[in-house]
Every structure is written in structure tokens, then in C-alpha cells.
Amino acid sequence: MSLLLKNALLVEPDLKKVVEGNLVIRNGLIDRKDFAADNEIDCTGKFVAPGIVDLGVKVCEPGDSHKESYESAGKAAAAGGVTTIITRPDTKAAIDTPETFDFVKKKGNEDCIVNVFHIAALTKDRKGREICEIGMLSEAGAIAFSDCDNVIQDNKIFSRALNYASAMNVLVIGHPQEKSLSQGAVSTSGKFATLRGLPSVSPVAERIALERDLALVEMTNTRYHFDQITNMNSIGVLKRAKKSGLDISAGTSIHHLSFNELDIADYKTFFKLKPPLRSEKDRLATIEAVRDGTIDIISSMHTPQDEESKRLPFEDAASGAIGLETILPAMLRLYHSKHLEMHQIFNAISLNPAKRLGLDSGTLKHKKAADLIVFDADKPFILNRELLQSKVKNTPFDGHKLQGRVLRTFVKGKEVFSR
């Protein structure tokens with residue numbers, strides 16, 4: 001059955017504009033030329049945009065499926081306008097062998113209602129000692145390689161891994177944190193952290209790791225993505241590196257664009273993230289880096305943690321927050337505050353991650369896959385974490401007034417969510 005979405009505000013990130021028009025979903029593809037359809041939906045005043053491609057989602061299979069399964073993650077993603085999730089390998093056990101990779105690939109294909117692609121570990125068990133079978137994992141379908149927040153300390157091993165990755169033309173994703181400085185830290189260093197008595201780390205830990213990685217990337221000519229850039233000093237380094245012509249890209253999390261270090265004042269562990277929340281100056285600088293294109297990709301960094309691991313003193317609680325269902329309304333805060341235009345938002349959450357990963361999505365072009373969402377950018381609501389689709393509810397947005405609701409989500413032309 002074909003479906004006409006008429007009178008919509010079409011978000012075209014690749015054309016850097018929003019236009020009023022019509023779009024047909026036909027045979028799982030977008031049709032921008034023939035508007036005859038079996039059914040139609042009047043989208044007057046509503047936006048139609050490419051589905052979100054969320055790079056760096058943690059699904060806790062294998063090992064911790066009580067926190068998040070592929071089934072629950074898919075439902076949460078669809079409700080949040082995420083049509084493609086790119087999963088992290090920091091599971092129990094790590095996704096570091098073809099056998100483990102085949103397991104998650106099968107689970108994702110069988111249980112998840114949105115598209116799923118998987119990142120594999122760069123080293124065995126993410127311990128930074130022995131390089132994984134990059135070639136075999138790539139052949140199995142690994143879309144990128146990363147040890148996530150287990151940063152490889154041995155430069156000799158890391159450079160060898162990058163050489164292998166470069167030879168096979170695969171993407172490596174790094175987490176820029178100098179481990180000896182950041183280990184055990186739960187806040188960003190400064191007067192506020194001192195007053196709260198919390199172990200802290202200077203943002204320079206991010207810059208040091210960033211510069212180390214850039215040097216090795218330059219030496220090995222590797223395709224490389226920095227998962228989270230969160231402060232102005234790192235942004236300056238990144239700008240200079242991009243001008244040098246290296247094949248690099250950078251991301252940040254929606255939480256680091258939404259909150260700052262003062263939000264941990266009441267020791268609420270839902271605000272305990274990795275890296276820790278930064279200063280307001282850093283937050284604004286990061287938003288500006290998204291606006292000018294220095295930071296390419298925004299992701300939810302969806303990290304489910306159960307109540308037992310969060311109901312602890314701030315220092316002892318697990319890091320991370322869920323974000324599949326909140327990434328769009330949180331991004332729309334930046335639209336309503338006029339920090340970002342609508343096409344810039346979908347450039348960062350849809351088009352750029354799709355392009356970086358070589359996916360045929362992130363756009364509303366004719367004959368592309370009909371992975372798209374319909375949303376009301378002005379619809380206000382108060383977030384109730386208990387109503388979220390994820391198995392666990394560790395969101396820092398609980399009780400917050402948000403504006404913007406997903407109304408429909410389509411994956412390959414099939415409606416997987418409607419409100």
C-alpha cells in the first residue's frame with residue numbers, strides 16, 4: 001500500500017532547507033515524483049524528516065538483557081524517531097569474535113523493529129592487549145571498530161590496530177580521554193566540583209587523548225571518528241586537524257548539549273555521565289561547533305543502567321543515561337531557542353551519521369529507503385520516565401518540560417510507531 005504525506009514541512013538536511021511539499025511512501029522507498037497513492041495523511045503544520053541514525057547505542061545483549069534487549073531498544077527507538085541504531089560492543093561478553101558478532105546480528109534482525117548495525121571491539125575483551133580479527137569481523141558485517149571507553153593505553157598496540165584498520169579501510173571510533181587523568185573522576189574540575197567534594201578531572205584529559213589519537217591517525221592514515229567532544233579546548237584542536245585533510249569526524253552526546261556541570265548539584269546520579277558534564281561555556285561552545293560543522297554527529301549515547309546501579313552515592317553509581325526516546329525533543333530545545341536550525345539538527349542526527357557509516361539513509365531524496373518520521377515540533381509535554389519504552393528509566397530529563405513529539409515512525413516504508 002502506498003501512502004501520501006501531504007502538506008508537510010519536509011526537512012532536507014542535504015539541501016540545507018525546509019520546504020512545504022508532498023512525499024509518497026511506495027514499496028519501501030520515498031517517491032518524490034508520483035503523488036498518486038492508496039492512502040494519505042494530512043501533515044499540515046507537521047515536519048517530515050529523515051529518521052534518526054543513532055551512533056553508539058548500548059543494547060545489553062549478551063549479558064545484561066534485564067537492562068535493555070533488542071526488542072525493548074527497538075520499541076524505544078521507534079517511539080523516539082530513531083530508525084537506525086548503531087550498537088556498541090561494550091557488552092558482557094564484548095563483541096570481539098565472529099561468533100559473538102553473529103549472535104547480536106541475529107538477535108538484532110529477529111527482535112528489533114528498527115534497522116540495526118553493529119560496532120565490533122578493536123581489541124580482545126576491550127582490554128587493549130590483543131587486536132581482534134578485524135578482517136573476519138568486517139566480513140561478518142561490523143560497521144566500525146571501537147573499544148568504547150576502555151581507551152587503549154599502549155601506543156604500539158594502538159598504532160598496529162590502526163594500521164590494520166587502515167589497510168582494510170574500516171572506520172575506527174575512539175573515546176578521547178587520557179585514562180590516568182580521568183580514571184575515578186565523576187565531575188569536571190573547578191570550584192563547583194571542589195565545593196561538592198567530588199573527584200574531578202580537567203577537560204585537558206580529553207584534549208591530550210585527542211591529540212594523541214590525531215598523531216597516530218595521521219601516521220596510519222586511518223578513517224577515524226571521535227565519539228564525544230565536549231569542551232572548547234578540544235574543539236580548537238579538532239578545527240585545526242580538520243583543516244589538515246585527515247579523514248576524521250567527531251560527535252557529541254545530546255546530554256552534553258543539554259546540561260552542564262551545575263546539574264549534578266543535588267547528586268542526582270541520572271546526571272552522572274562519561275565524560276562528566278562540562279561548564280556552561282563548554283556547552284555553548286559545543287553547540288556552536290555543531291552549528292559550524294566542526295562537530296559532525298550528535299547521538300544519544302544510550303546507556304541503560306538499572307536502579308540498583310544508580311541508587312548509590314554519586315561516586316559509586318554507574319555512569320550513563322538512556323536517550324533513544326529523548327534525543328529528538330532535546331534537540332528541538334536548541335531549535336526553539338534558535339541555537340540551531342531544523343536542517344542543521346537533522347544534518348547532525350540523520351544525514352552525517354548515515355554518510356559517515358556508508359548507509360543509504362538520512363535523506364528524503366527520491367528512491368531512497370523510506371526511513372522517516374513525522375513529528376510536531378511544538379507539542380509540549382512533561383517527561384515521565386515511567387512511560388518510556390526502555391526497560392530501565394535512567395534519564396536526566398525526568399520531570400522536564402519538553403516540546404516536540406514524534407507522531408509516526410516508518411522503517412523501510414513500514415509504520416513501526418504511531419501516536
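The values are calculated or read from the model by the stated rules, or taken from the named source; none is laboratory data. Keep in mind the model is a prediction, meaning the values are calculated, not measured. Using ideal geometry, Cβ is built from the backbone for each residue, glycine included, and neighbour counts are taken over all protein chains shown. The accessibility values were calculated without ligands, DNA or RNA, using every heavy atom of the protein model including side chains. Shrake-Rupley method; radii C 1.70, N 1.55, O 1.52, S 1.80 Å.
Restricting attention to helices (runs of 4 or more DSSP H) lying wholly within the range 260-349, give those where 2 or more residues are within 17 Å of the chain's Cα centre (by Cα) and not small (Gly, Ala, Ser). Walk me through it before giving the result.
Working: elements: 280-291, 307-310, 327-336, 342-346.
In the range 260-349, the matching helices (runs of 4 or more DSSP H) lie at 280-291, 327-336, 342-346.
I'd like the residue in the range 181-198 that is without any contact (Cβ under 8 Å) to a residue 24 or more places away in the chain and part of a helix (DSSP H, G or I) and, out of all such residues, is surrounded by the most Cβ atoms within 10 Å (Cβ to Cβ).
Thr194
Quick test of your reading of the structure: Gly45 fulfils all but one of (1) open to solvent by 20 Å² or more (accessible area, probe 1.4 Å); (2) touching a residue at least 40 places away in the same chain (Cβ under 8 Å); (3) touching a helix residue (DSSP H, G or I) at 6+ places or on another chain (Cβ under 9 Å). Name the failing condition by number.
Here Gly45 clears every test but (3).
Taking only the range 343-374 into account, find how many residues are hydrophobic (A, V, I, L, M, F, W, C), touching a strand residue (DSSP E or B) at 6+ places or on another chain (Cβ under 7 Å) and open to solvent by less than 10 Å² (accessible area, probe 1.4 Å).
Result for the range 343-374: 9.
May I ask you to list pairs of residues, at least six apart or on different chains, whose Cβ atoms are under 6 Å apart, with the first in the range 393-419 being of a type in the set (Ser, Thr, Tyr) and the second being assigned to a strand (DSSP E or B) and open to solvent by 10 Å² or more (accessible area, probe 1.4 Å)?
Thr409/Val416; Thr409/Phe417; Ser418/Arg408
Test Ala94 against the stated conditions and say whether it is among the hydrophobic types (A, V, I, L, M, F, W, C), open to solvent by less than 20 Å² (accessible area, probe 1.4 Å), under 30 Å from Val48 (Cβ atoms) and not in a strand (DSSP E or B). Lay out the reasoning, then the answer.
On the way: among the hydrophobic types (A, V, I, L, M, F, W, C): yes; open to solvent by less than 20 Å² (accessible area, probe 1.4 Å): yes; under 30 Å from Val48 (Cβ atoms): no; not in a strand (DSSP E or B): yes.
It is false that Ala94 is among the hydrophobic types (A, V, I, L, M, F, W, C), open to solvent by less than 20 Å² (accessible area, probe 1.4 Å), under 30 Å from Val48 (Cβ atoms) and not in a strand (DSSP E or B).
So, of the residues in the range 242-255 that are in a helix (DSSP H, G or I) and either free of Cβ contacts under 8 Å to residues at least 60 places away in the same chain or not β-branched (Val, Ile, Thr) (or both), which turns out to be most open to solvent (accessible area, probe 1.4 Å)?
Here the answer is Lys243.
Just the residues that are at positive phi and of a type in the set (D, E, K, R), please, taken from the range 403-417.
Lys412
Residue-by-condition table, conditions (1) buried (at least 16 other Cβ atoms within 10 Å of the Cβ); (2) of a type in the set (A, V, I, L, M, F, W, C); (3) at pLDDT below 95:
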residue: Gly108; (1), (2), (3): yes, no, no
residue: Ala140; (1), (2), (3): yes, yes, no
residue: Phe145; (1), (2), (3): yes, yes, no
residue: Met168; (1), (2), (3): no, yes, no
residue: Gly174; (1), (2), (3): yes, no, no
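Quickly run through the range 375-404 and pick out the residues that are β-branched (Val, Ile, Thr), closer than 25 Å to Glu71 by Cβ and open to solvent by 30 Å² or more (accessible area, probe 1.4 Å).
Passing the criteria: none in range.
Out of the residues in the range 157-172 meeting the condition of being in contact with a helix residue (DSSP H, G or I) (Cβ under 7 Å, 6 or more places away or on another chain) and assigned to a helix (DSSP H, G or I), tell me which one is nearest to Ala120 (Cα to Cα).
Only one residue fits best here, namely Ala165.
Contact list please: Cβ distance under 6 Å, first residue in the range 324-343 and aliphatic (A, V, I, L, M), second residue in a loop (DSSP other than H, G, I, E, B), pairs at least six apart or on different chains.
What qualifies is Leu324/Ser300; Ile327/Ser300; Leu328/Gly81; Leu334/Leu340.
Applying the selection to the range 212-241, what residues are among the basic types (Lys, Arg) and open to solvent by less than 60 Å² (accessible area, probe 1.4 Å)?
If the condition is that a residue be among the basic types (Lys, Arg) and open to solvent by less than 60 Å² (accessible area, probe 1.4 Å), then Arg212, Arg223 are the ones that fit.
In the range 3-48, what residues are part of a loop (DSSP other than H, G, I, E, B), over 26 Å from the mean Cα position of the chain (by Cα) and not hydroxyl-bearing (Ser, Thr, Tyr)?
Asn27, Arg32, Lys33, Asp34, Phe35, Ala36, Ala37, Asp38, Cys43, Gly45
Would you check which residues across the range 318-340 are crowded, with 17+ Cβ neighbours inside 10 Å and among the charged types (D, E, K, R) and list them?
Within the range 318-340, Glu325, Arg333 meet the criteria.
Run Val151 past the list (1) touching a helix residue (DSSP H, G or I) at 6+ places or on another chain (Cβ under 6 Å); (2) over 18 Å from Asp96 (Cβ atoms) and report the number of the one that doesn't hold.
Every listed condition holds for Val151 apart from (2).
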